Amino acid sequence: MKKIIALIIAIVTVFALAACTTTDKKDVTMDNVKIGVICLHDENSTYDANFINAVKAVQAKLGLKDEQVVIRTGVDESDACYKAAADMADSGCDIVFADSFGHESYMVQAAKEFPNVEFCHATGVSAKVQNIKNFHNAFASIYEGRFLAGIAAGMKLNEMISSGKITAEQAKIGYVGAHPYAEVISGYTSFFLGARYICPSATMKVVYTNSWFDIAKEKESAESLIKDGCVLISQHADSEGAPKACQAAGVPNIAYNVDTTHLGPDTAIISSKINWEPYFELIINAVVKGEAIPTDYCGDFSTGSVALTKLNDKAAAPGTAEKIAEIEGKLKSGEIKVFATDSFKVKGETLSEYKADVDGDYKGETNVIHDGFFDESNAKDFRSAPYFDIIIDGITVPES
């Protein structure tokens, strides 16, 4: 008798659990899909503001209600990210997105715990090797956008040379970088190659703030570069510090992520940025339709993911818009490769092979040079996040 009762209890328990599971799994529609967005900083960071603006634009486009979009700002690259992701999953989010490199391991942790929720991470490197069905990385071929921003810089340098304001030898760019990571190195190298495509005498000095967002350090870094003879400043750091310093000193500035004309009306030329709207729209539609999200996604010109902000004609050199359009066409056609190996040297030598870290293990194991160019952010064969970490001739960086 006891065995029969135990068997009945076991059967009832199984059916109860099955019923609970069926009830918990909702039928996702555009009316009830819910996305959570985790940001390292808030809208005061140009980097985070770019993501926030993008998800809000997609919310409006898809007609999502405010309760369907949860944005959490000021989430450190620590266990705080895991807790935020888990809380979003517990509260009914179908998708959780995080925007900073250091969030990745915590997003992986959450993805393992919540297999029915899609976890998407920008700038990450491990989705392919993790092989977790509901964990995804995303980036864009922003090196092409930075190259175009560099075209604008080269045009400005040439204008200053032609007017006699500087000599060709004084065409020195200053660059405020956050960290000596591949993402930053790839960014400032592609920018420099764009500038030198137009102004061959250009050189560049880089300083690192060792922080993604530090207004004071970024301002001080820009000021030190200007004092050192840099006649144009660009950046891969996320605050208003450098643009404001440039406006105060009357030095041309090219920024990143957002239009900074309001910070430097006389000096801000243009900014390059990743447009995250296509990716947000892609992952939301995929979940609603029950389709797979790419494991590693790299947006480009064709997806509308590589963008420039509006050119500030007050600060830009004449003809800049036309030149950018011309070069963009050549990038799209493949006539120009940003990292063509004949366009740069390393210690006086042309590279024919380079073993890059594409597996996220910080060991260079994969040759990424072929057909005469360094194949950056190739998500199909390698990964979307940048792995160009070479210091090329013409760029000086702090001694390690």
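Between HIS179 and ALA325, what's the calculated FRET efficiency when r is the beta-carbon distance and R0 is 35 Å? Round to 0.05. Walk me through the numbers on the way to the answer.
Working: r = 33 Å, r/R0 = 0.94.
Working from the Cβ atoms, E equals 0.60.
Taking a cut-off of 25 Å between Cα atoms, list the lysines near LYS244, but don't count ones fewer than 8 places away on the same chain.
LYS156, LYS165, LYS172, LYS205, LYS217, LYS219, LYS227, LYS273, LYS310, LYS314
What are the aspartates and glutamates whose alpha-carbon lies under 17 Å from the alpha-carbon of LYS355, with same-chain residues fewer than 8 places away excluded?
Cross-link targets: GLU183, GLU365, ASP371, ASP375, GLU376, ASP381, ASP389.
Quick one: which residues, 5 or more positions from VAL306 or on another chain, have an amide H under 5 Å from its amide H? H modelled 1.01 Å from N in the peptide plane, none for Pro or chain starts.
ASN275, ASP300, PHE301
Would you kindly state how much longer the chain becomes between ALA249 and SER352 on full extension, computed as 0.36 nm times their sequence separation minus their alpha carbon distance, in nm to one decimal?
Taking ALA249 through SER352 to full extension adds about 32.9 nm, to one decimal.
Once label points are set 7 Å from the Cα along Cα→Cβ at both THR366 and SER163, what is their separation, rounded to one decimal in nm?
4.6 nm
How large is ³J(HN,Hα) for each residue in segment 318-330, as worked out from phi by the Karplus curve 6.51 cos²θ - 1.76 cosθ + 1.60 (θ = phi - 60°), to whole Hz, x for Gly and Pro?
x, x, 5, 4, 5, 5, 4, 4, 4, 6, 4, x, 6
So which GluC sites (Glu not before Pro) in segment 332-375 pass both tests, a DSSP loop state and at most 11 other Cβ atoms within 10 Å of the Cβ? Kindly include the intermediate steps, with their values, before the conclusion.
Numbers: sites: GLU335, GLU349, GLU353, GLU365; in loops: GLU335, GLU353, GLU365.
Sites meeting the loop and neighbour criteria: GLU335, GLU353, GLU365.
Which residue, chosen from THR267, VAL207, ALA321, occupies the Cα position most advanced towards the positive end of the dipole of the chain, where the dipole is computed from +1 (Lys, Arg) and -1 (Asp, Glu) charges on Cβ about the Cα centre?
ALA321
Where nothing but the Cβ of Lys and Arg (+1) and of Asp and Glu (-1) is charged, how large is the charge dipole of segment 107-235 around its Cα centre, in debye to the nearest 20? Can you show the working numbers first?
Details: 12 positive and 11 negative charges, 37 e Å.
So the magnitude is around 180 debye.
Could you run the Karplus curve 6.51 cos²θ - 1.76 cosθ + 1.60 with θ = phi - 60° over segment 138-145 and give me ³J(HN,Hα) per residue in whole Hz, x for Gly and Pro?
The phi angles translate into 8, 7, 8, 7, 5, 4, 6, x Hz.
Determine how many Å³ per residue the convex hull of the Cα atoms of the chain encloses. Present the calculation step by step, with values, prior to reporting the outcome.
Numbers: hull volume 61.9 nm³, N = 400.
Once divided by residue count, the hull of the chain is 155 Å³.
What residues qualify as long-range amide H neighbours of TYR354, i.e. H under 5 Å apart, gap of 5 or more or another chain, H built at 1.01 Å from N?
So TYR354 has HN proximity to VAL368, ILE369.
To the nearest 20 debye, what is the magnitude of the charge dipole of the chain about its Cα centre, counting +1 on the Cβ of each Lys and Arg and -1 on the Cβ of each Asp and Glu?
Values: 37 positive and 55 negative charges, 67 e Å.
In debye, rounded to 20, the chain gives about 320.
Tell me the Kirkwood radius of segment 76-215: reciprocal of the mean inverse pair distance over distinct alpha-carbon atoms, in Å. If you can, show how the numbers build up before the last one.
Values: mean 1/r = 0.0574 Å⁻¹.
Answer for segment 76-215: a Kirkwood hydrodynamic radius of 17.4 Å.
Using +1 at the C-beta of Lys and Arg and -1 at the C-beta of Asp and Glu, which of VAL288, GLY299, VAL231 has the Cα lying farthest in the positive direction of the dipole of the chain?
VAL288
With only Lys, Arg, Asp and Glu charged, each at its Cβ (+1 for the first two, -1 for the last two), find how big the charge dipole of segment 252-296 is about the Cα centre; round to the nearest 20 debye.
Numbers: 2 positive and 6 negative charges, 6 e Å.
Magnitude of the dipole: close to 20 debye.
How large is ³J(HN,Hα), in whole Hz, for each residue of segment 305-314 in order, when computed from phi with the Karplus curve 6.51 cos²θ - 1.76 cosθ + 1.60 and θ = phi - 60°, using x for Gly and Pro?
Karplus-based 3J(HN,Hα) across segment 305-314 equals 8, 9, 9, 10, 6, 4, 5, 8, 4, 5 Hz.
Any read-out appearing in this document is the output of simple, stated calculations on the displayed coordinates, not a laboratory observation. In this text the structure is predicted, and so the values were computed from the model without any measurement. Cβ atoms come from the backbone with ideal geometry, glycine included; neighbour counts cover every protein chain shown.
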